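What follows is one structure encoded as structure tokens, with my remarks underneath.
The values are calculated or read from the model by the stated rules, or taken from the named source; none is laboratory data. Note that the structure is a prediction, hence the values are computed from the model and not measured. All Cβ positions, glycine included, derive from the backbone under ideal geometry; neighbour counts span all protein chains shown. We work out accessible area using only protein heavy atoms, side chains counted, and drop any ligands, DNA or RNA first. Shrake-Rupley method; radii C 1.70, N 1.55, O 1.52, S 1.80 Å.
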Amino acid sequence: MKILKLGQMLGGSNTAVSGFSNKYAIDFDGVDDHIEVADAVALRLNASDASWSFWVKLDSLSGGDGKMIAKGQTAGAGNQSYQIRTDNADLKFQFYYPTVGWRTVTGSSYFTSLDWVHVVVTMQQSTKNVTIYKNGSVFQSGTSIGYPIPSNTGELMFGCRANLTNFLSGMLDEVGIFNTVLSAGTVTSIYNSGTPASLEDVSGLVGWWRMGDPNGTAAYPTIIDQSTNSNNGTMTNMVSGDIVTTVP
């Protein structure tokens with residue numbers, strides 16, 4: 001007997017009842033591939049709660065330092081505001097304050113296979129607490145990073161650090177950024193038993209990049225922000241073939 005996941009229909013289709021479907025992701029080569037999104041106030045997340053949600057499939061568990069999401073500042077040591085990165089099999093959320101250095105929360109041994117993983121990181125500004133989720137469940141919680149997200153006006157990057165180093169070797173899909181702390185129930189709903197779900201009606205959405213959906217290679221080189229803010233991204237040092245059909 002076929003057991004349906006939330007949002008699936010009979011007949012083997014992975015199309016949600018609402019018409020939402022996920023057919024494409026983007027493959028980053030670990031050399032120079034990345035996506036650039038111009039700075040926008042909504043993406044700075046200064047003095048606000050914040051959450052990041054995305055799917056990632058690494059090429060290696062010993063691939064070193066690869067940035068999945070990074071937003072920089074135009075000046076200052078470290079040149080980082082916030083970033084979510086791999087450190088071999090670990091997941092790290094961090095940012096840099098020139099006066100105190102790096103602030104880091106580490107999810108140790110977060111990656112255990114080369115399968116798709118749904119990542120959510122939340123930060124509550126009042127407590128500075130960071131929670132890391134993996135595949136819809138809390139992986140690590142209650143860790144205070146001690147400071148709010150610092151001021152920043154640099155570009156938002158997918159697949160590399162803000163200064164164009166530490167490139168990701170792997171795939172990204174369905175990247176969402178929010179100016180609120182996603183609840184545990186909302187995270188579970190977004191994970192949707194392993195099948196990406198629409199972020200359209202999730203509260204606090206400030207950016208949503210579907211990494212090739214709905215138009216596949218015809219989307220190249222513009223990755224549309226399907227939130228109401230329209231902060232589109234540009235595939236850089238990439239080709240249309242980097243929009244692939246390997247998806248969660």
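When Trp102 is tested against the conditions (1) open to solvent by 50 Å² or more (accessible area, probe 1.4 Å); (2) assigned to a loop (DSSP other than H, G, I, E, B); (3) within 25 Å of Asp32 (Cα to Cα), the lone failure is (2). Apart from one condition, Tyr110 fits all of (1) at pLDDT 95 or above; (2) open to solvent by 20 Å² or more (accessible area, probe 1.4 Å); the exception is (2). Filtering segment 122-163 to residues that are among the hydroxyl-bearing types (Ser, Thr, Tyr), closer than 16 Å to Ala42 by Cβ and not in a loop (DSSP other than H, G, I, E, B) leaves nothing.
The rows are residues; the columns are (1) modelled with pLDDT of 95 or more; (2) more than 28 Å from Asn163 (Cβ to Cβ); (3) within 16 Å of the chain's Cα centre (by Cα); (4) not aromatic (Phe, Trp, Tyr).
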site	(1), (2), (3), (4)
Leu199	yes, yes, yes, yes
Val206	yes, no, yes, yes
Arg210	yes, no, yes, yes
Thr236	yes, no, no, yes
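Mind checking which residues of segment 199-234 are loosely packed, with under 14 Cβ neighbours inside 10 Å and part of a strand (DSSP E or B)? Steps first, answer last, please.
Residues of segment 199-234 loosely packed, with under 14 Cβ neighbours inside 10 Å: 200-201, 203, 218, 222, 228, 230.
Result: Thr222, single match.
Name every residue in segment 235-246 that is surrounded by 15 or more Cβ atoms within 10 Å (Cβ to Cβ) and either out of contact with any helix residue (DSSP H, G or I) (no Cβ under 6 Å at 6 or more places or on another chain) or over 18 Å from Glu36 (Cα atoms) (or both), in order of residue number. Give the steps one after another, and end with the answer.
First, the residues of segment 235-246 that are surrounded by 15 or more Cβ atoms within 10 Å (Cβ to Cβ): 235-238, 242-244.
Residues satisfying the conditions are Met235, Thr236, Asn237, Met238, Asp242, Val244.
When the residues of segment 41-53 are filtered to those that are small (Gly, Ala, Ser) and open to solvent by 20 Å² or more (accessible area, probe 1.4 Å), the one that is modelled with the lowest pLDDT is Ala47.
Out of curiosity, is Phe178 at pLDDT 95 or above and crowded, with 19+ Cβ neighbours inside 10 Å?
Numbers: at pLDDT 95 or above: yes; crowded, with 19+ Cβ neighbours inside 10 Å: yes.
Spelling it out, Phe178 is indeed at pLDDT 95 or above and crowded, with 19+ Cβ neighbours inside 10 Å.
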